[in-house]
1. Can you pull a Stokes-Einstein diffusion coefficient for the range 526-643 at 37 °C (0.692 mPa s), Rh from Kirkwood over Cα pairs, as a whole number of µm²/s?
2. Give the residues of the range 3-38 whose amide nitrogen is closer than 20 Å to a point set 7 Å from the Cα of Leu463 in the direction of its Cβ.
3. Could you tell me what percent of the DSSP beta bridges with both partners in the chain are antiparallel, to the nearest 5?
4. Regarding the range 1-110, what are the three Cα extents along the principal axes, ordered largest first, in Å?
5. Calculate for the chain the 222 nm mean residue ellipticity that helices alone would give, adding -39,500 (n - 2.57) per DSSP H run of length 4 or more and normalising by residue count, nearest 500 deg cm²/dmol.
6. Taking a cut-off of 23 Å between Cα atoms, list the lysines near Lys197, but don't count ones fewer than 8 places away on the same chain.
7. I want to check the label-to-label distance for Val638 and Ala124. Put each point 7 Å from Cα in the C-beta direction and report it in nm to one decimal.
8. When the chain is fully extended, how far beyond the present Cα-Cα distance does Lys581 get from Asn35, taking 0.36 nm per residue of separation?
Amino acid sequence: MSDDLIAVKPAVAAGTHVDAARHAAMTAEAIADPNGFWRREAGRIAWMTTPTQIKDVDFTGDVHIRWYADGVLNASVSCLDRHLATRGDQVAIIWEGDDPASDAKITYRELHARVCRLANALRAQGVKKGDRVTIYLPMIVEAAVAMLACARVGAVHSIVFGGFSPDSLATRIQESESTILLTADEGRRGGRKVALKANADEALKSCPTITSVIVARNTGGAVEMQDGRDYWWSDVCDSQPAECMPEPMNAEDPLFILYTSGSTGKPKGVLHTTGGYMVWASYTHELVFDYRPGEVYWCTADVGWVTGHTYIVYGPLANGATTLMFEGVPNYPDVGRFWQVVDKHKVNIFYTAPTAIRSLMREGEAPVRKHSRASLRILGSVGEPINPEAWLWYYRVVGDERCPVVDTWWQTETGGILISPLPGAVAQKPGSATLPLPGVLPALVDGEGKLMEGAAEGNLVLLDAWPGMMRTVYGDHARFVQTYFSTFPGMYFTGDGARRDADGYYWITGRVDDVINVAGHRMGTAEIESALVAHTKVAEAAVVGMPHDIKGQGIYAYVTLKTGIEPTDALKKELIAWVRKEIGPIATPDAIQWAPGLPKTRSGKIMRRILRKIAANEVDGIGDTSTLADPTVVTDLVDNRVG
Ligand code: WT7
């Protein structure tokens, strides 16, 4: 059933940017003449100096990735200035508050003025091209204004998701050596307040590089303002002119850093540059969502994740779209909220995560059917594999079998979508991300790095570069080369496994490294382990993912206590609260199992394969344990499995 093709409907193909013939032609052209192809696509953004050099990439040795290297531009000009003459009074951002009674509409002209004011204020604070600015904001218009104002003055923004703890915020500020922090008094989510400024105050105790904090007044909640360091947003912006000279940036100058989790150590600063990223954001937003002028487009992500960067702000605004920014959550005030908002703002394109779809599916069809959803034309999914049941529910119930579903596979590192159906060109299969975009060259390799042909299952790699890919790990190019180009030399390794069927369609099977994906949030098991062992009562910890109906994966932690410490339910609660405080609520363990010992090889390496099997309750599949230093620990763990 899930292998059944769902053909492109004539109504969808009519007027599409890319039909099947064009898809084939573009795919062929991008391979035959990448320089010609990407020179033409560069024309979709605004340049101060048009690039003559297009692609300059080497995936071997020290690895370098350069696109449009002699081009000069400013990302904010592509998103704002160039639209003023043609669509200055068109709504750029529809903001929908957590509270259904609050919303706002900002035109391109208004957004331009707000960005220029903040950009001038940043310059007045001494911010120069190349300086890092950390953004810790809720989903309010200021978040988009902050990103674009940084881009305008050439500052490199580093957004930290508002759900992260003071500690996580502090590490990211320290790593990026940011001089300015942009935040708000409080955020709102599902009727609750998030104490952003208080968290920031806590973080800043260990962040000496920060010289000023600019605070947006959002809820009006009481906060402490430190004299000489903290300023209200309106105080620094209101007196500034509504025009600001954009900083000329080389195509390869950094646009932003975004920290993401890997399989080892602390989060990596994924660095994206200006020219290639902007081309990719515009190209993929237009093709994958088949965006048509005048349409209302809504991506439900948070700007704290890469999806919010590329598909709430840079892609849609580069394409002159009306982009909806949602402060709230899918189930507040009730589980019909998404569809109520779709009807209220006549949303045409809707892009969300499988975890949200699964949690709404559980509530049945009635809350969906209650709303018309007649405006919807395209549905998108992102963040984790979508199971065929959830895909079909999305397609049938939400889209009334009228709207194609684009399952978009990509990563923070890739800058934008790489594998996805184009709605007017590619027949869909529920659960498959289908085919690469024109210009993207995925492949599967076996454990030895040998290319696999035809229908196969293996490690997902990319054989060549695309303009939007990351350029380096901020401040650590050796880690970049080591993480992505050393497993399979000469290829970019995604960390994902995938199957390719006889039609050449890709089915992503999930991470093959020690990264887990919990409700679409990416986490390194090593980070959670180090949070656990930082607790005084914990001797050792091992964390794995376990199957979870709604979240895709849950967090399962095996904890060995220090000698003499009593394993109690109260202590489990204490450890859960501890991890939430150390990393943030997204890292809350779903299960903790007391482990007198962990399954280790004689050289001391924890065999996670075994721990994953136990967590998944697949104890028959544990396999050979004879290489363990003490095979009896497995019996104990199986007998005392949680859940
Ligand atoms: C990892 C990247 C993509 C932006 C948001 C997450 C998983 C993402 C899909 C999909 C199957 C997916 C992969 C990937 N993933 N989209 N459509 N189907 N898996 O970005 O936090 O960098 O996570 O998310 O495992 O490697 P991220």
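1. It diffuses with D of about 226 µm²/s by this estimate.
2. Residues 23-38 qualify, since their backbone N sits under 20 Å from the label point.
3. 60 percent
4. Sorted largest first, the three principal extents are 55, 49, 30 Å.
5. Details: 20 runs with 179 residues, N = 643.
Dividing the helical sum by the residues of the chain leaves -8000 deg cm²/dmol.
6. Lys205, Lys581
7. 6.9 nm
8. Working: separation 546, 0.36 × 546 = 196.56 nm, distance 4.89 nm.
In short, 191.7 nm is gained.
Values quoted throughout were computed directly from the atomic coordinates according to the rules given, and no laboratory measurement underlies them. Bear in mind that the values here come from a model prediction, so they are computed numbers and not experimental data. Glycine also receives a Cβ, built like all others from the backbone with ideal geometry; neighbour counts cover every protein chain displayed.
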